[in-house]
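K.L.:
Below is one structure. I have some questions about it.
The values are calculated or read from the model by the stated rules, or taken from the named source; none is laboratory data. What you see is a predicted model; the values in this text were computed from it and never measured. Cβ placement follows ideal geometry from the backbone for every residue including glycine, while neighbour counts extend to all protein chains displayed.
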Amino acid sequence: MKIVRVGGQVADAVATSTHFALRPNRYGETEPAYFRHVAKTLYRHEGKVLSYGMKFWPEEYEALKRKIPQIEDLEDFLN
């Protein structure tokens with residue numbers, strides 16, 4: 001009998017889509033389309049994803065905004 005761990009696969013999909021949305025490739029481009037698809041399914045508490053359905057680590061979100069300007073492109077999906 002094979003055990004399927006769906007939770008890990010979901011977490012991997014969110015982490016990978018976030019990575020490609022924020023990290024520029026060798027041509028300086030990012031790909032936020034994957035993140036837009038999974039963002040619809042993130043847990044929200046009182047309409048907020050950050051700190052509930054998604055947590056950036058090891059730094060806080062505000063610190064990351066200064067380091068990774070393209071993160072602001074995702075704010076519509078995080079709020």
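K.L.:
Just checking, how many residues over the range 58-79 are in contact (Cβ under 8 Å) with a residue 24 or more places away in the chain, under 22 Å from HIS45 (Cβ atoms) and not β-branched (Val, Ile, Thr)?
P.N.:
Taking the range 58-79 and keeping what is in contact (Cβ under 8 Å) with a residue 24 or more places away in the chain, we get 68, 70-71, 73-74, 77-79.
Those left that are additionally under 22 Å from HIS45 (Cβ atoms): 71, 74, 77-79.
From the residues that got through so far, the ones that are not β-branched (Val, Ile, Thr) too are 74, 77-79.
Total satisfying the criteria: 4.
K.L.:
Can you pull out every residue in the range 9-51 that is among the basic types (Lys, Arg) and modelled with pLDDT of 85 or more? I'd like the intermediate steps shown before the answer.
P.N.:
Going through the range 9-51, the residues among the basic types (Lys, Arg) turn out to be 23, 26, 36, 40, 44, 48.
Result: ARG23, ARG26, ARG36.
K.L.:
Hey, another quick one. Pull up the range 6-26, narrow it to residues that are part of a loop (DSSP other than H, G, I, E, B) and closer than 15 Å to GLN70 by Cα, then point me to the one that is farthest from the chain's Cα centre (by Cα).
P.N.:
Step one: list which residues in the range 6-26 are part of a loop (DSSP other than H, G, I, E, B), which gives 23-26.
The next check asks that each one be closer than 15 Å to GLN70 by Cα; those that pass are 23-25.
Details: ARG23: 11, PRO24: 14, ASN25: 17 Å.
Here the answer is ASN25.
K.L.:
Specify which of the listed residues (TYR52, TYR34) is surrounded by 12 or more Cβ atoms within 10 Å (Cβ to Cβ), under 14 Å from the mean Cα position of the chain (by Cα) and part of a helix (DSSP H, G or I).
P.N.:
On the way: TYR52 fails: part of a helix (DSSP H, G or I).
Unique residue meeting the criteria: TYR34.
K.L.:
May I ask you to list the residues in the range 55-67 that are exposed (fewer than 15 other Cβ atoms within 10 Å of the Cβ) and assigned to a loop (DSSP other than H, G, I, E, B)?
P.N.:
Correct list: LYS55, TRP57, PRO58, GLU59, GLU60.
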